[in-house]
1. Does B:ALA320 fit the bill of being in contact (Cβ under 8 Å) with a residue 24 or more places away in the chain, of a type in the set (Gly, Ala, Ser) and either assigned by TED's automatic domain parsing to the domain that holds B:THR332 or open to solvent by less than 20 Å² (accessible area, probe 1.4 Å) (or both)?
2. Can you confirm whether B:PHE238 is of a type outside the set (S, T, N, Q) and either within 19 Å of B:VAL137 (Cβ to Cβ) or at pLDDT below 95 (or both)?
3. Please work out which residue is farthest from B:ARG89 (Cα to Cα), limiting yourself to the range B:441-457 and to residues that are open to solvent by less than 10 Å² (accessible area, probe 1.4 Å) and within 9 Å of chain A (Cβ to nearest Cβ).
4. Check A:PRO41, A:PRO81 and return the single one that is in contact (Cβ under 8 Å) with a residue 12 or more places away in the chain, surrounded by fewer than 15 Cβ atoms within 10 Å (Cβ to Cβ) and not polar (S, T, N, Q).
5. What is the number of the single condition among (1) out of contact with any Ser or Thr (no Cβ under 6 Å at 6 or more places or on another chain); (2) within 9 Å of another protein chain (Cβ to nearest Cβ) that B:ASN480 does not meet?
6. Only one of these conditions is not met by A:ASP323: (1) among the acidic types (Asp, Glu); (2) part of a loop (DSSP other than H, G, I, E, B); (3) within 24 Å of A:TRP439 (Cα to Cα). Which number is it?
7. If I ask for residues that are within 14 Å of chain A (Cβ to nearest Cβ), part of a loop (DSSP other than H, G, I, E, B), within 24 Å of B:ASP52 (Cα to Cα) and in contact with a strand residue (DSSP E or B) (Cβ under 6 Å, 6 or more places away or on another chain), which ones from the range B:115-164 would you list?
8. Only residues that are of a type in the set (D, E, K, R) and at positive phi: list them for the range A:91-125, please.
2 protein chains.
Amino acid sequence: MSSVVQGFNPRTGEPFGDGVPKTSDSEVDRIASAAAAAFGPWSSLPATERADVLDSLADALDASSELLITTADTETALGVPRLTVELKRTTNQIRLFGEVLREGSYVEATLDTANPDIIPPRPVLRRVLRPLGPVAVFSASNFPFAFSVAGGDTASALASGCPVVVKAHSAHPRTSVETARVVASVLPEGVFGIVYGTESGRALVQHPAIKAAGFTGSTGGGRALFDLAQGRPDPIPFYGELGSVNPTVILPGAATPDIAAGFAQSLTMGVGQFCTNPGLVFAPASIVSALGEAVAASGGGAMLNERMCDSYRASTDALAASDLVTVVSTGTKPDEAWAVEPRLFTVPLETFRDNLEKLTEEHFGPAGIVVTYSDPADLVDVLRRLPGTLTGTVHAAPSDHEAAGVIAEALRHIAGRLIFNAWPTGVAVAWGQHHGGPWPATTNPLHTSVGATSIRRWIAPVTYQSWPDELLPPELQDANPLNIPRRIDGVLGTH
Amino acid sequence: MSSVVQGFNPRTGEPFGDGVPKTSDSEVDRIASAAAAAFGPWSSLPATERADVLDSLADALDASSELLITTADTETALGVPRLTVELKRTTNQIRLFGEVLREGSYVEATLDTANPDIIPPRPVLRRVLRPLGPVAVFSASNFPFAFSVAGGDTASALASGCPVVVKAHSAHPRTSVETARVVASVLPEGVFGIVYGTESGRALVQHPAIKAAGFTGSTGGGRALFDLAQGRPDPIPFYGELGSVNPTVILPGAATPDIAAGFAQSLTMGVGQFCTNPGLVFAPASIVSALGEAVAASGGGAMLNERMCDSYRASTDALAASDLVTVVSTGTKPDEAWAVEPRLFTVPLETFRDNLEKLTEEHFGPAGIVVTYSDPADLVDVLRRLPGTLTGTVHAAPSDHEAAGVIAEALRHIAGRLIFNAWPTGVAVAWGQHHGGPWPATTNPLHTSVGATSIRRWIAPVTYQSWPDELLPPELQDANPLNIPRRIDGVLGTH
């Protein structure tokens, strides 16, 4: 076993930069304990002051963009244009949480007046959400910024008042080191820490000081950490975003050749290494050849690491060799060490239905299966049987609206986000975003890892009963000194 | 193994009424499948129509109050006055959820307009909370109405649009049968089911049709079911309310003899069989004799079942025999089969601190430990080390206010509800209530089993992206036809 986490250049397969020492158990303990010590002061800062710190963090990351993007491009081969957008998305996300803190309704301040005449009698009750404590964040491979060291889990947890200890992903150790350097330079001592190596992650999620965890990655890796978190003497909330098949239904009226280019672009974006990659398409047979031509004209690229590359090749080769599906087309690939090419398969609905488990295995990368159908009504039962998924997409012409309603009703039981006449890749950072879904899309269908409400994962209610006004948190005091939206005797407002 | 669940009269120890057949695995499967079939229609009912059904349910239970209360009194020995209040509390709770549905903000409707100029670009996003699917509810022994067949878990899940399958508690099978008869007479076919026997509960929580579970009971029983729920191929949310030590701090200015009567009443209410029983009191030594006199003057009663009675006697005998604590006083008990007497112990803070784990074991029943201290500042570290608890209470005079603030800051990390100059028993049903807390008070610190927000446990977000207005749920349509509070571009209001 190596004592360092070594980064590589996926275009050449060569090591990149110095390896980063794996974090020992005693170092994990020291970092988690420092986070616990920092929890009191950080969580006691007024929310608007935490918002100012988040703005500074966003500015500092933007100021280091050149180094961060260059490093990440070498380690991930995702390309400078994509990484430039991803870093901007990451800093905008941090700033959104500043907005959330300043608006203030995220604490759900709720005030009830007394009513001695009901059963049971009601004393004065005041409820507010408070941060849980130090949070462990497990970085993803495929978003070296947006779902990594300074990504959405980290930003939302810091915003809530929780210190964060990140477990860096082994696919981009140098990017993690550089990002962590920026984060640590802005945040107070102990509020942010980082650990390296698989074993450090296992120690972290079981550490008594850690009160919740966030994860983005594979179903296998996520399940293993979920099991450790739930197996603790004191189980903790574990928010994992795992695998997702992202079904897309192309209804008959929308099944025209001009849809094909958008599909191929979404399927192959970032070498298909998106959790919202539309790898499973239900379409009339008439459109298969157009989809195939678009994929044939598309290019692949180097995958994030050698294991993913090998795994994609093995699993798509096995699929191609099986007698269940037909190969439609194959795209091109650059001459790079860990490069793969897009692949498209097709299967009739009846065969898919009879082999649903096998044919819904995720092939992480730019591979898609087109399931051909004749009547949209036949899709309802199959869609309801799909595993939980982050997204479900419908392409429809005006003539398809009735069918679209039926398909949406089936999809909403299995998917966290329903998309109309667009493609699922590209996850906006907004108040109304939901990036989640039933198992195995996530480990907890109530929560999202993107958007304003992702902060809800790290805060829990406390109710103050008959408490003197001057001893209450400001969010709950009579005068509403923070001027935040509150609910009083059941009525929402700014009072 | 008996094939029936047999009820008993705790006052006589004799069997009561016919045993209720244990539910077989195939019956559990049939009932859970019926709940799954009922999910579509029940969740599609407009919320205001579900509210009307809940009102009818409350009325029907009130109309059957005589039979329900008489049956429950025989099976639980909790007494007609208490059970009359508890049933009224239960029906008022059901009606509160009608209010919650009519007010409408519980779905957190959130609308974002498009903004193509930000990174990443934002399409039109509309987020709403939708019910998860059939819910398993595990009844408690100590509240045959409020936390049982038609209790808060059932009411909140039905309100959310989820069908419910209850696992009846073995301490009151006949009460469960009679309550279930009323519930089933009001609700549509399949929306409500009930199963009997320990094995049926294990089958239920692992059934593929069940999408979430609620539980109120012991730490051991809750942990076993939690582990089954998390060990499923598809883990489901499991909301358990388990054990709670409910620390009370009597600050020096409040340490006067007139506090003692309130303490003894709260400690012995319902024979101490309350999850918010104040069994752990931190007080100046000067007040111990007054507390002891009040407990000596108090009466015990018959416990809910023989096992609890035996367990209380054994655990308090062992405590009395240990050299860690001193017996302060013992109350009286009626001459009934499973009756126990209140017991009060005392221990100095230093001894308590050194034996914290042993001395915070829950003695379910009317037993209390007074931990004597000299300086309130010495309490902070000890309070922070206590296990998670539903409540934390402070008794303070005006001269204690500074100390009260320090104590509250320590308590809010371990307790879900903080109470000032009152006792923790009695949990109001309100918008601002929180009946939860860190492990082992509950399995998930983010949620409550009492109050308006308990509905949040059974609903999860779905976001509609670029979706045609006429195909959206009414909560999200442009015209806001339900006239509910919504958030638009980050701003809460009724628009």
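The values are calculated or read from the model by the stated rules, or taken from the named source; none is laboratory data. All figures in this text were calculated on a predicted structure; none of them were measured in a lab. A quick note on method: Cβ atoms are made from the backbone with ideal geometry, for glycine too, and the neighbour counts reach across all protein chains shown. Only protein heavy atoms, including side chains, enter the accessible area calculation; ligands, DNA and RNA are left aside. Shrake-Rupley method; radii C 1.70, N 1.55, O 1.52, S 1.80 Å.
1. Details: in contact (Cβ under 8 Å) with a residue 24 or more places away in the chain: yes; of a type in the set (Gly, Ala, Ser): yes; either assigned by TED's automatic domain parsing to the domain that holds B:THR332 or open to solvent by less than 20 Å² (accessible area, probe 1.4 Å) (or both): yes.
Yes.
2. Numbers: of a type outside the set (S, T, N, Q): yes; either within 19 Å of B:VAL137 (Cβ to Cβ) or at pLDDT below 95 (or both): yes.
So B:PHE238 fits the description; yes.
3. Result: B:LEU446.
4. On the way: A:PRO81 fails: in contact (Cβ under 8 Å) with a residue 12 or more places away in the chain.
Going through A:PRO41, A:PRO81 in turn, the sole match is A:PRO41.
5. So the condition that B:ASN480 fails would be (2).
6. (3)
7. B:LEU132, B:PHE147, B:GLY161, B:CYS162
8. Of the range A:91-125, the ones of a type in the set (D, E, K, R) are A:95, A:99, A:102-103, A:108, A:112, A:117, A:122.
Correct list: A:GLU108 only.
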